[in-house]
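Notes follow once the structure below has been shown.
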Amino acid sequence: MKETPLSNCERRFLLRAIEEKKRLDGRQTYDYRSLRISFGADYGCCIVELGKTRVLGQVSCELVSPKLNRPTEGILYFNLELSQMAAPAFEPGRQSDLLVKLNRLLERCLRNSKCIDTESLCVVAGEKVWQIRVDLHLLNHDGNIIDAASIAAIVALCHFRRPDVSVQGDEVTLYTPEERDPVPLSIHHMPICVSFAFFQQGTYLLVDPNEREERVMDGLLVIAMNKHREICTIQSSGGIMLLKDQVLRCSKIAGVKVAEITELIQKALGNDQKVRKEGGKFGFAESIANQRITAFKMEQAPVDTSEVEEKADEIIAEAEPPPEVVSKPVLWTPGTAQIGEGIENSWGAPEDSEKEDEDEAGSDEAIILDDMKMDTAVDVAGIGGQAAPIVLSDSEEEERIILEPDKNPKKIRTQTVSAKQEKAPSKNPVRKRKKKRAAN
């Protein structure tokens, strides 16, 4: 995926701000971004944060055969990887021109400057030497990769400890960290790269350019120097012509910045070594700030529990005895009582339920009486004239049977809604028929 190019408006805005000696992040022309160094749980693992640019450094070692032309010297190997996690523009599995240039610059800065004593890495001349491998992974890209990578590499080398070995005749014994303490590397000096970005054909100069400033710069000058003001390597890219005074001016600025960074590195290494000796907590998890949401850490305050029982007895003795509490019933409705806190009975008072039962009993008696009257009326009608139909009724679902002479009985089934609604209209026809038959 190609990186998104800057628009003309953004480019003009950045160049105009640089002409006015202003930067987007509020820094001055010669200011470095904030530098933060954190160490992992193992020796030789660190993360360097230069602003928002983050680089992970990891050092490992292995016993190998030496080179034929240098049988008494160890081997140093540097590898920088640019993954898509750092920026979408980096393609995985393919070495870009930027990656090749950065790897060569790191090798010249650290290996060719003889910052590490390679002869101390020899175990058996011509047979066994230590191969030190430095792997650098770019975690986030926000400009000035080479400075962050060089700091991460030298910090990881200073923090690394190789296993101790002993040679008895032709036998080489390798000891674990539990058996013998690991041995640090012999480091002569700490070369650190400082980058300078030039704009408008060298008219304007910025130290430690960020990612947007790198897009609009005309050229880049990288100076690798140690705290003794010894230049280890220097590289210019971009095709601009620099004057001798500009280079000398950059070297003076680099000397000041390298001294500050070296002091910061030594303090970080000293603090980590002190914590490890005291048996404190160390590692990347401890370096996360407590204010961040990703740090699930809670400070526990010490609590003195030696005299808790005595204090509790004193408090109980001084306190007044609690009064005797007698529960009083709560009368919600007449005829009910409740003790304590609860919910009112939703079924109502018993008197209301008794009244409802009496009403239902009365209605049932009225229905029975009506049925009895109707049955007697039917009997009387049967006695007076046999041609009259006889009606028999049931409750709930009523089934009428009409008996007529010389005809088959017919069944008519009707569903009643209630007993009262059916029984009331059934009384009138019987009474009318009774009156007519009596008149006859």
Exercise. Mind checking which pairs have a first residue in the range 1-24 that is at positive phi and a second that is modelled with pLDDT of 85 or more and in a loop (DSSP other than H, G, I, E, B), Cβ under 9 Å, 6 or more apart or different chains?
Worked result: 21/28; 21/29
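A quick yes/no check of all residues on (1) in a loop (DSSP other than H, G, I, E, B); (2) under 41 Å from the mean Cα position of the chain (by Cα); (3) in contact (Cβ under 8 Å) with a residue 12 or more places away in the chain:
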| residue | (1), (2), (3) |
| --- | --- |
| 212 | no, yes, yes |
| 222 | no, yes, yes |
| 229 | yes, no, yes |
| 233 | no, no, yes |
| 241 | yes, no, yes |
| 247 | no, no, yes |
| 251 | no, no, yes |
| 254 | no, yes, yes |
| 257 | no, yes, yes |
Seminar exercise, completed: When restricted to 186, 251, 237, the only residue at pLDDT 90 or above, surrounded by fewer than 14 Cβ atoms within 10 Å (Cβ to Cβ) and small (Gly, Ala, Ser) is 186
For this session: Sort out which residues of the range 154-174 are open to solvent by 50 Å² or more (accessible area, probe 1.4 Å) and part of a loop (DSSP other than H, G, I, E, B), and write them in order of number.
Result: 169, 170
Problem set entry | Residue list for the range 123-152, restricted to those being open to solvent by 40 Å² or more (accessible area, probe 1.4 Å), under 24 Å from residue 182 (Cα atoms) and touching a strand residue (DSSP E or B) at 6+ places or on another chain (Cβ under 9 Å) | 127, 128, 131, 133
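The values are calculated or read from the model by the stated rules, or taken from the named source; none is laboratory data. Predicted model only: the values in this text are computed from it and were never measured. Every residue, glycine as well, gets a Cβ built from its backbone with ideal geometry; the counts of neighbours run over all protein chains shown. To get the accessible areas, we keep the full protein, side chains included, count just its heavy atoms, and leave off ligands, DNA and RNA. Shrake-Rupley method; radii C 1.70, N 1.55, O 1.52, S 1.80 Å.
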